[in-house]
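So the structure is just underneath, and the comments pick up after that.
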Amino acid sequence: MKNILGKSFFARPVVEVAPDMLGKYIVCSAGNHEVYSKIIEVEAYDGPYDLACHASKGRTKKTEVLWSDPGTLYVYLVYGMHWMLNVVTTAKDYPAAVLIRATVDAVGPGRVTKYFGINKSLHGKIATTRSGLWFEDRGELISKNHILRTPRIGVDYAGPVWAKKPYRFVLDTKNRLQ
DNA sequence: TAAGTGATCTCT
DNA sequence: GAGATCACTTAA
């Protein structure tokens, strides 16, 4: 069973979408074949008041994609060398996104994008059609008991409240095997 | 543990 | 234009 995740999947509060993405697959078309991998770790960034979310810095040329339709890809470079892959969620004109932090084949957000060959060319592209990059539900059921919640990584600057929000979702190691 | 790397933002 | 700041990785 391979169901592509559509706009309705992403058009929900980001703290609901994020854990639901665990166990789903990222699929990326590469020439005449497809590269895919199962998602095992994500983080949620929720709106203009979340100081860890880029949208809290204001709507700029860099961040404006966050205000796009749910299912839009938000890709940007950090530390001059690592691309981060995010998916816009919730609703158009509400800036929230899920950061893909790890798959079974690539642990670490910078390594995920390297594994799939992702760069700025996907920034602003829609992820709900079978072109470029999209997400699939391959029928793997994930029990809530197997999802760990922790604070997000690398966002200490966001202040005591937002830095501590348990917006990081990790699939229990026993359930990572493909 | 710290260097590497570059886009972007916040002052001048 | 200069300086600071990053949702990180790697090698040591």
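Taking residue A:30 as meeting all but one of (1) loosely packed, with under 15 Cβ neighbours inside 10 Å; (2) in contact (Cβ under 8 Å) with a residue 24 or more places away in the chain; (3) within 16 Å of DNA strand B (Cβ to nearest atom), write down the number of the exception.
Of the numbered conditions (1) loosely packed, with under 15 Cβ neighbours inside 10 Å; (2) in contact (Cβ under 8 Å) with a residue 24 or more places away in the chain; (3) within 16 Å of DNA strand B (Cβ to nearest atom), the odd one out for residue A:30 is (3).
Please work out which one of (1) among the basic types (Lys, Arg); (2) near DNA strand C (Cβ under 9 Å from one of its atoms); (3) without any contact (Cβ under 8 Å) to a residue 24 or more places away in the chain is the condition residue A:101 fails and give its number.
Answer for residue A:101: the failing condition is (3).
Within the stretch A:131-148, is even one residue touching a Pro at 6+ places or on another chain (Cβ under 6 Å) and over 24 Å from residue A:28 (Cα atoms)? Walk me through it before giving the result.
To start, the set of residues in the stretch A:131-148 that are touching a Pro at 6+ places or on another chain (Cβ under 6 Å) comprises A:147.
Now drop any that are not over 24 Å from residue A:28 (Cα atoms), which leaves A:147.
Looking through the stretch A:131-148, at least one residue is touching a Pro at 6+ places or on another chain (Cβ under 6 Å) and over 24 Å from residue A:28 (Cα atoms).
Those residues that are in contact with a Phe, Trp or Tyr (Cβ under 8 Å, 6 or more places away or on another chain), assigned to a strand (DSSP E or B) and surrounded by 22 or more Cβ atoms within 10 Å (Cβ to Cβ), I need them from the stretch A:40-75; list them, please.
Selection gives A:41, A:42, A:43, A:44, A:45, A:46.
Could you grab the pairs with beta carbons closer than 8 Å, sequence gap of 6+ or different chains, first residue in the stretch A:133-155 and touching a residue at least 40 places away in the same chain (Cβ under 8 Å), second one aliphatic (A, V, I, L, M) and exposed (fewer than 14 other Cβ atoms within 10 Å of the Cβ)?
What qualifies is A:137/A:1; A:138/A:1; A:139/A:1.
Taking the residues in the stretch A:132-147 that are more than 16 Å from the chain's Cα centre (by Cα) and within 15 Å of residue A:2 (Cα to Cα) as candidates, determine which candidate is surrounded by the fewest Cβ atoms within 10 Å (Cβ to Cβ).
Checked the stretch A:132-147; the qualifying residue surrounded by the fewest Cβ atoms within 10 Å (Cβ to Cβ) is A:141.
Just so you know, all these numbers are worked out from the coordinates, no wet-lab data involved. Here the structure is a predicted model, which means the values were calculated and not measured. Reconstructed Cβ throughout: ideal geometry from the backbone, glycine too, with neighbour counts over all protein chains shown.
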